[in-house]
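See structure below.
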Amino acid sequence: IAPVVSEKSYGLLEEGKYRVYKISSIIKDTIYTAKASHILIKWDSDTPEAKKVAKEKAQKILRDIKAGASFAEKAREFGTDGTASTGGDLGWFVSGQMVKEFEKPIFDAKKTGLLNDVVETPFGYHIVEVTSVKDNTAYKVVTLEREITPSDETLNAALRKADSFAAELSAVDEFKEKAKK
């Protein structure tokens with residue numbers, strides 16, 4: 001892979017093809033995106049006691065993070081969903097993709113960072129770190145792809161060299177010796 005980058009384009013040589021990606025326009029879309037990480041603490045049952053225990057656990061983890069603990073390490077240690085293994089990273093998501101109770105504080109955030117309190121959803125309590133605030137910038141990208149193939153001249157030159165190489169050989173041992181060189 002050999003990247004070639006300019007101000008508005010990116011070229012990539014990969015698997016015998018050369019691809020150029022270029023931003024053709026940047027627009028404001030009607031759909032917003034944001035990026036966040038979370039640590040989900042589920043309750044054991046729907047009882048008020050179980051919810052209280054889960055909330056206290058989530059608030060303790062939140063205090064530890066505010067005191068300097070690593071969000072990703074705490075997510076790996078305490079997270080109870082599939083994002084635990086990735087440090088809680090949810091990646092990018094669009095408005096309307098998550099439940100409203102979870103999405104609203106993320107899309108309302110004016111800056112990146114840890115939300116001040118845990119967020120309650122039907123799934124449990126979430127400790128949330130906004131890693132990119134909402135944005136509705138959309139990029140139109142044009143892709144040009146060309147397969148890199150040898151010309152007839154190049155193929156003929158390679159065949160002539162192979163024929164010349166083979167003509168100079170008389171035994172397998174001689175072939176192995178020349179091939180090493």
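The values are calculated or read from the model by the stated rules, or taken from the named source; none is laboratory data. Because the structure is a prediction, the values reported are computed rather than measured. Note that each Cβ is placed from the backbone with ideal geometry, even for glycine, and that neighbours are counted across all protein chains shown. Just the protein is used for accessible areas: all its heavy atoms, side chains included, with ligands, DNA and RNA removed. Shrake-Rupley method; radii C 1.70, N 1.55, O 1.52, S 1.80 Å.
Odds and ends about this structure:
- Residue pairs whose Cβ atoms lie under 8 Å apart, sitting 6 or more positions apart in sequence or on different chains, and linking a residue in the range 58-69 that is among the charged types (D, E, K, R) to a partner that is open to solvent by less than 90 Å² (accessible area, probe 1.4 Å), are Asp64/Lys74; Lys66/Leu114.
- Hits in the range 112-123 - residues which are within 10 Å of Leu62 (Cα to Cα), over 25 Å from the mean Cα position of the chain (by Cα) and open to solvent by less than 60 Å² (accessible area, probe 1.4 Å): Val118
- Strands (runs of 3 or more DSSP E) contained entirely in the range 62-180, each with at least 3 residues that are farther than 30 Å from Ala36 by Cα: 124-147
- Top-ranked residue in the range 124-169 [being within 21 Å of the chain's Cα centre (by Cα) and acidic (Asp, Glu); ranked as nearest to Lys52 (Cα to Cα)]: Glu129
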